[in-house]
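Values in this text are rule-based calculations from the coordinates and carry no lab data. The model shown is predicted, which means the values in this text are computed figures rather than measured ones. Backbone-built Cβ (ideal geometry, glycine too); neighbour counts: all protein chains shown.
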Ligand code: PLP
């Protein structure tokens with residue numbers, strides 16, 4: 001008799017499961033709009049030119065070894081991560097009240113943040129947007145939090161329900177942890193405007209909530225690293241709020257499999273920041289000992305070299321520009337076809353994803369009849385579209401919504 005008999009079969013992860021179904025489909029017309037990974041106009045994964053260059057430089061370096069990194073990661077990457085999100089002239093950096101620890105990409109930054117907050121944060125409630133990145137609930141639930149939702153998406157306007165959001169934040173227990181998407185909200189592509197962020201900060205401050213910014217798309221959303229960091233910088237510099245920022249280099253460097261990210265912490269004093277780093281390091285040590293080195297070396301090289309940095313900003317504009325172009329083309333095709341409904345939200349939304357408003361039955365028909373794969377909530381990864389398949393996609397959508 002095996003004790004494993006007590007182990008129930010867990011359901012497959014919806015996104016990875018979707019990709020597996022797509023892989024099994026042999027139709028040449030098939031389109032994968034599920035996974036949030038950038039593809040070029042040929043539908044292929046794209047190694048950023050700046051990553052190729054930095055990788056080459058690393059491989060040519062005779063001093064390159066495969067030694068362990070320190071527990072907190074590569075120091076040059078950690079410092080550069082703080083500068084990237086807060087800006088190089090950040091008063092918080094000058095006052096030394098911010099630290100960063102290298103993490104296992106954005107997921108690891110969230111997980112480490114959750115483990116820390118579970119240990120030290122006095123309030124056990126976390127609020128995530130409705131809807132949100134699926135993993136938020138799992139990560140914070142696993143860490144022992146009571147996970148609740150705040151109103152976010154308005155299914156009538158396919159935009160932000162600001163009043164609903166403010167009212168949820170207002171009625172949450174004082175001092176709750178609030179997960180905010182720094183930019184390019186996943187899955188909706190709907191971000192608050194600057195005026196709306198100011199109102200959100202007002203409630204966060206009044207209620208003493210703790211913000212955890214999940215920042216998986218800096219530079220990838222608008223193509224402008226500073227613009228995509230606006231909300232975080234407003235909270236930190238203008239409002240002097242403490243926060244966590246979970247940063248991922250998966251999307252903006254195309255380094256999905258290298259698992260490189262950072263958790264940046266902003267506190268009121270330099271002493272508090274040091275204490276946080278020591279405790280985060282302690283959690284990292286027992287979980288994975290120290291983070292992977294190769295991706296971190298690539299990112300660090302680029303962030304710390306002015307010439308490579310400029311190349312990177314061009315690569316970011318290539319990716320975000322192509323995504324924005326696909327939004328425009330998809331909307332134009334739908335308008336040309338006279339597809340019922342209003343499709344303005346496709347170009348209003350930003351980042352990797354568009355929340356199309358397609359219903360589960362329509363999504364299912366797109367898959368069975370047209371071999372187009374997307375999550376059942378109607379979320380489309382715009383990166384899966386290109387000049388060869390966008391018209392086919394528009395015609396398929398036109399058919400299923402009629
Ligand atoms: N947070 C959000 C909102 C995301 O969309 C993603 C990726 O899809 C992540 C975090 C983390 O991704 P990774 O662990 O690959 O950096």
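Using only C-alpha atoms and all pairs of different ones, pull out the Kirkwood radius for the range 1-146 in Å with one decimal. Working shown, then result.
Values: mean 1/r = 0.0496 Å⁻¹.
For the range 1-146, inverting the mean 1/r across all distinct Cα pairs yields 20.2 Å.
Sorting 81, 222, 381, 155 on the 10 Å Cβ count, fewest up front, what's the list?
Working: 81 29, 222 21, 381 26, 155 9.
Starting with the residue having the fewest Cβ neighbours, the order is 155, 222, 381, 81.
Sorting 346, 104, 245, 298 on the 10 Å Cβ count, fewest up front, what's the list? Mind dumping the intermediate values first?
On the way: 346 23, 104 19, 245 29, 298 26.
Ascending number of Cβ neighbours within 10 Å: 104, 346, 298, 245.
Can you give me the Rg/Rh ratio for the range 234-281, using Cα atoms for both radii and the Kirkwood formula for Rh? Intermediate values should be presented prior to the final figure.
Details: Rg = 13.4 Å, Rh = 12.3 Å.
Rounded to two decimals, Rg/Rh equals 1.09.
Per residue, what volume in Å³ does the Cα convex hull of the range 167-318 take up? The partial results should precede the final answer.
Details: hull volume 21.3 nm³, N = 152.
So the per-residue Cα hull volume is 140 Å³.
Sort 299, 265, 286 so the one with the fewest other Cβ atoms within 10 Å of its own Cβ comes first. Working shown, then result.
Values: 299 28, 265 23, 286 8.
Result, fewest neighbours first: 286, 265, 299.
Run the numbers on the range 11-156 and let me know its relative contact order in percent, using alpha-carbon pairs under 8 Å that are six or more apart.
Details: 92 pairs, mean separation 18.3, N = 146.
Dividing the mean separation by the residue count of the range 11-156 yields 13 percent.
With only alpha-carbon pairs counted, each pair once and no self-pairs, how large is the Kirkwood hydrodynamic radius of the range 318-382 in angstroms?
Working: mean 1/r = 0.0809 Å⁻¹.
Computed over Cα pairs of the range 318-382, the Kirkwood hydrodynamic radius comes out at 12.4 Å.
How big is the Rg/Rh ratio for the range 36-113, C-alpha atoms only, Rh by Kirkwood, two decimals? Present the calculation step by step, with values, prior to reporting the outcome.
Details: Rg = 16.1 Å, Rh = 15.5 Å.
In the range 36-113, Rg relative to Rh is 1.04.
Quickly rank 59-72, 192-205, 33-46 as a protection proxy: mean count of other C-beta atoms within 10 Å, highest first. Please list the in-between numbers first.
Details: 59-72: 10.9, 192-205: 15.6, 33-46: 17.1.
The packing order, highest mean first, is 33-46, 192-205, 59-72.
What is the ratio of the Cα radius of gyration of the range 96-254 to 2.2 N^0.38 Å, with N the residue count, to two decimals?
On the way: Rg = 14.5 Å, N = 159, 2.2 N^0.38 = 15.1 Å.
This ratio for the range 96-254 stands at 0.96.
What span do the alpha-carbon atoms of the range 207-295 cover on each of the three principal axes, reported in whole Å from largest to smallest?
38, 37, 21
How compact is the chain by the rule of thumb for globular proteins, expressed as Cα Rg over 2.2 N^0.38 Å?
Values: Rg = 21.3 Å, N = 402, 2.2 N^0.38 = 21.5 Å.
The value comes to 0.99.
What do you get when you divide the Cα radius of gyration of the range 171-227 by 2.2 N^0.38 Å, with N the number of residues?
Details: Rg = 12.3 Å, N = 57, 2.2 N^0.38 = 10.2 Å.
Here the answer is 1.21, to two decimals.
So how far apart, in nm, are the two label points at residue 391 and residue 15 if each is 7 Å from Cα heading toward Cβ?
3.2
Taking the range 256-402 on its own, what percent of its Cα-Cα pair distances exceed 20 Å?
Numbers: 6828 of 10731 pairs.
Percent of Cα pairs beyond 20 Å in the range 256-402: 64.
Pairs of Cα atoms under 8 Å, at least six residues apart: use those to get the relative contact order of the chain, whole percent. Display every interim value, and only then the final one.
Numbers: 732 pairs, mean separation 104.7, N = 402.
Over the chain, the number comes to 26 percent.
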